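A.B. asks: Here it is: the structure, laid out below.
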Ligand SMILES: Nc1ncnc2c1ncn2[C@@H]1O[C@H](COP(=O)(O)OP(=O)(O)O)[C@@H](O)[C@H]1O
Ligand SMILES: [Mg+2]
C-alpha cells in the first residue's frame, strides 16, 4: 500500500514535472537572461526584463517611469473582469431557464451550450470577424441604424469575442448550482410575498454564488491570457498581455522581456486562485 | 353560529395532460377552522393545496379567499402562507432572517419587524436559536421555524402540507398538540394536509376525505368515523368489517337489511334508494365478545390474535365469514381468548352502517 502510494503516483508526478515544472523553470530562467543579438536569448542573470515593464530609457540612457505596459496590464485586467461580469449576467438567466426545463430539453440545451467547443477556437473567432465586419449581419445592422465606422478592431469587438468564447464555462457551473436548488425554496420565496425579481436576488443569487464563483475563475483566468480575440477582433491595435507576450517571442524578438511578462501574468493568475481558495476556506469554516 | 367563509373552492378540476388529478371539487372552509384534507397518497391533496397557495392554476373552477376570487392571482399576491413538507427554510439565512423575509417583502418597518420576529421565536420556543442557520437545527426545530416563518406575516389562511410526516413518532404526537394550540391561539384558519387518519381525527374541526380525485365525504372527525357515507371512507378511516347484505326496505335514513348471519337488522343507511344488494360496515371495536356480547348474537372460532398493547385484535371465523374484533385490554387480564377457542359475539343494530355497494 505504502509502495503504491509512492510508486503509483510516479507517472502523475513525471507528467507534472515534464509538462509544467520544466517549462516553467525555463521561462523563469529566460526572464532573467539577456536579449540575444539576433533574437533568442543569452544565459545571464539580470532583472532588466522586469524593469522594462515599468521603465524605459530616455534619449540620455536614463531609466524613466513609463506606464505603457502598465496600461496593457490594466486593459487586460479590465477586459477580463468585464468579460467575467457580462458572462455572469448572461449565464444566470440562461442557466435558470435551462435548469427549469424537462430532463430531455435540459440535456438538449446543455448540449447546445457546449456545442461551440466542437469547433476550433480560431474558426469561431473568425466567424465573429465576419459577423461584425462591414458586410456582416451585425455590421450592416449597425450601419443601417446610422452607426459610424466599423465595429471591428475595438475593445467592444474584443469583448464580444471573449464573452462568446468563455460563456459556456460560466453557464455550466451556474446551471449545476441552480439545478441543485430545491424548487420549494423558490416557491417559499413567492409564498412569502417576494416578487420574481426579489426571489431571484435574495434566494437564487446567494445560493448560486458557489457556481458563479467557480464560473468566474474558469472565465477570468483564461481571459487574462487571451490572444486570439485581441489579435483578430482587436486587429492587434489594442495590445493585451497575451498579444504582448506573443509579439515579444515573435516579431520583437525580445524573449527575456516576453518571459518576464508571462511570469507577471502567471503571478496574477496565482493571486486570483489563492484569493478564491481563501474565500472557499473561510466559507467552509463558517458552515 | 355564523362564521365567515375563509376559503371557497367551487367546482375545481385539475388535469395534468390527460391525467385527471382532481374532479369537480367543491367545499367551503370557515374562518378559524382547522380543516383537514385527508386521503391516500396520490389522491390530489397537495395539488389542491398548491392551487390555494397559487403554485398551480385550476383547469376549471374558482377559488376565493374571504370573498375575493384568487384562482389566477400569483402566489406572492395571496395573503396565505404555506408550511412546506420539506420546510423549505432558506439555508443561507439565519432563523431571524428567515422569519423576517415575508415581513420585509410586505414592507413592514424595522421596529415592527423585529418585534414580530421576537414574538414568533418566543411562540415556538426558539428564541435562543435566533442567530443560527437551518442546517444547525433538528427536524422538530426546523418544523417550528417553518411554522413561525409562515405565521409571522399574519396570513388569512395557513396551509400545511404533511408537516409532521418527517418527524419521529414521539415528536409527531407532541407537535400535534402544539399545532392545535397554535391554531386556537392565533385564530388563523388552518388547512392541513395529511394521509394519516389518526392525525386527522385528532386535530381537525372538520375533515374532507379525498379519494380518486374526488371528495368522498366532509364532516367532523366523529361523523367521518361513525357515519361514513361510502365504502371508501369506511375503509380508509380506521378499520372495519365489510359484509354482504340484502336490502329489504329503505325508510329515509334507515334501512332494514337481511345480513349474512341470517338475522335481519334495522340501521342507518347512506346512498340506498330501494331493495337490492348493499354492504354492511361493522367496526371491530363495536363487536362485543363473550361477557360483552349483546344485541344480535352469533358464535365463531378465534383463528388469529394480535396483541397491540392497549388492545388486542382477534380474527374470528364465523359461518357468515371472517370478522375482525378488537377488545381493550382493561384492568382485568383474565379475558384473553386463545386461538381455537369458540367465542360468542354480539353487536347492536345501530353499531352497523349500511352503505351502497
Ligand atoms: N406537476 C405534475 N405533473 C403531472 N402530474 C402531477 C403533477 N403534480 C401532481 N401530479 C399527479 O397528480 C396526482 C395527485 O398528486 P398530489 O396532489 O401530489 O397527491 P397527494 O398529495 O394527495 O399525494 C398524482 O398522481 C401525481 O402524480
Ligand atoms: Mg402530497
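Values quoted throughout were computed directly from the atomic coordinates according to the rules given, and no laboratory measurement underlies them. Every value quoted in this text rests on a predicted model; they were computed, and no experiment measured them. Positions of Cβ are generated from backbone atoms using ideal geometry, with glycine treated the same way; all protein chains shown enter the neighbour counts.
A.B. asks: Give me the inter-chain shielding for B:86-94: mean count of other chain Cβ atoms within 10 Å, whole number please.
C.D. replies: Per residue, the average neighbour count from other chains is 5.
A.B. asks: Among B:75-81, B:339-345, A:50-56, how do they line up from the highest to the lowest mean number of other beta-carbon atoms within 10 Å?
C.D. replies: Details: B:75-81: 20.1, B:339-345: 13.9, A:50-56: 16.4.
Result, highest mean Cβ count within 10 Å first: B:75-81, A:50-56, B:339-345.
A.B. asks: To the nearest 500 deg cm²/dmol, what mean residue ellipticity at 222 nm is calculated for chain A from DSSP H runs of n ≥ 4 alone, each contributing -39,500 (n - 2.57), summed and divided by the residues?
C.D. replies: -22000 deg cm²/dmol, from helical runs alone.
A.B. asks: Please state the shape class of region B:116-185: rounded when a/c is under 1.5, otherwise prolate if a/b exceeds b/c and oblate if not, all from the C-alpha gyration tensor.
C.D. replies: Oblate, because a/c is 1.5 or more while a/b does not exceed b/c.
A.B. asks: Sticking with this one: So in region B:239-356, what percent of DSSP beta bridges are antiparallel if you round to the nearest 5? Please list the in-between numbers first.
C.D. replies: Values: 44 of 46 bridges.
If we restrict to bridges inside region B:239-356, about 95 percent are antiparallel.
A.B. asks: Rounded to whole Å, give me the distance from the Cα center of region B:160-200 to that of region A:89-121.
C.D. replies: 43
A.B. asks: Taking the 0 to 90 degree range and rounding to the nearest ten, how far is the long axis of helix A:205-224 tilted relative to the main principal axis of chain A, both from C-alpha atoms?
C.D. replies: The answer is roughly 30 degrees.
A.B. asks: For residue B:357 and residue B:299 in the same chain, what is the full-extension length gain: residue separation times 0.36 nm, less their Cα-Cα distance, in nm? List each step's numbers first, then the result.
C.D. replies: Details: separation 58, 0.36 × 58 = 20.88 nm, distance 2.64 nm.
18.2 nm is the gain from fully extending residue B:357 to residue B:299.
A.B. asks: I've got another one for you. Taking the number of other C-beta atoms within 10 Å as the exposure measure, put A:158, B:120 in order starting with the fewest.
C.D. replies: Lowest to highest Cβ neighbour count: B:120, A:158.
A.B. asks: Give me the inter-chain shielding for B:72-78: mean count of other chain Cβ atoms within 10 Å, whole number please.
C.D. replies: Across the residues of B:72-78, the mean count of other-chain Cβ atoms within 10 Å is 4.
A.B. asks: Sticking with this one: Rounded, prolate or oblate: which one fits region B:5-226, using the alpha carbon gyration tensor with axes a ≥ b ≥ c (rounded when a/c is under 1.5, else prolate when a/b beats b/c, else oblate)?
C.D. replies: prolate
A.B. asks: Hey, what angle do you get for helix A:255-286 against the long axis of chain A, alpha-carbon based, 0 to 90 degrees rounded to 10?
C.D. replies: 30
A.B. asks: Here is a follow-up. Shielding of A:192-200 by partners, i.e. mean partner chain Cβ atoms within 10 Å per residue?
C.D. replies: The per-residue average across the peptide is 6.
A.B. asks: OK, next. Under the rule a/c < 1.5 gives rounded, and otherwise a/b versus b/c splits prolate from oblate, where does region A:60-123 land using the Cα gyration tensor?
C.D. replies: The shape class here is oblate.
A.B. asks: In whole Å, how far is the Cα centre of region B:31-63 from that of region B:119-156?
C.D. replies: 25
A.B. asks: Rounded to the nearest 10 degrees, what's the angle between the helix B:169-186 long axis and the longest principal axis of chain B, both from Cα atoms, 0 to 90?
C.D. replies: The angle comes out near 60 degrees.
A.B. asks: Right, something else. Using the per-residue mean of other Cβ atoms lying within 10 Å as a proxy for protection, in what order, highest first, do the peptides B:52-62, B:96-106 fall?
C.D. replies: The peptides rank, most packed first, as B:96-106, B:52-62.
A.B. asks: Continuing with this model, one more query. Where does chain B land at 222 nm, in deg cm²/dmol rounded to the nearest 500, when only DSSP H runs of n ≥ 4 count, each adding -39500 (n - 2.57), divided by all residues?
C.D. replies: -7000 deg cm²/dmol
A.B. asks: Next up: For region B:263-293 and region A:50-88, what is the centre-to-centre distance using only Cα atoms, to the nearest Å?
C.D. replies: Answer, in whole Å: 96.
A.B. asks: How far apart, in nm, are the 7 Å Cα→Cβ label points at residue B:15 and residue A:107?
C.D. replies: Each label point is offset 7 Å from its Cα along the Cβ direction, giving 2.9 nm.
A.B. asks: What is the extension gain from residue A:120 to residue A:272, computed as 0.36 nm multiplied by their sequence separation minus the C-alpha to C-alpha distance, in nm to one decimal? Display every interim value, and only then the final one.
C.D. replies: Details: separation 152, 0.36 × 152 = 54.72 nm, distance 2.76 nm.
The residue A:120-residue A:272 span can extend by a further 52.0 nm.
A.B. asks: So if R0 is 35 Å, what FRET efficiency would residue B:3 and residue B:174 give, r being the distance between their Cβ atoms, rounded to the nearest 0.05?
C.D. replies: 0.75
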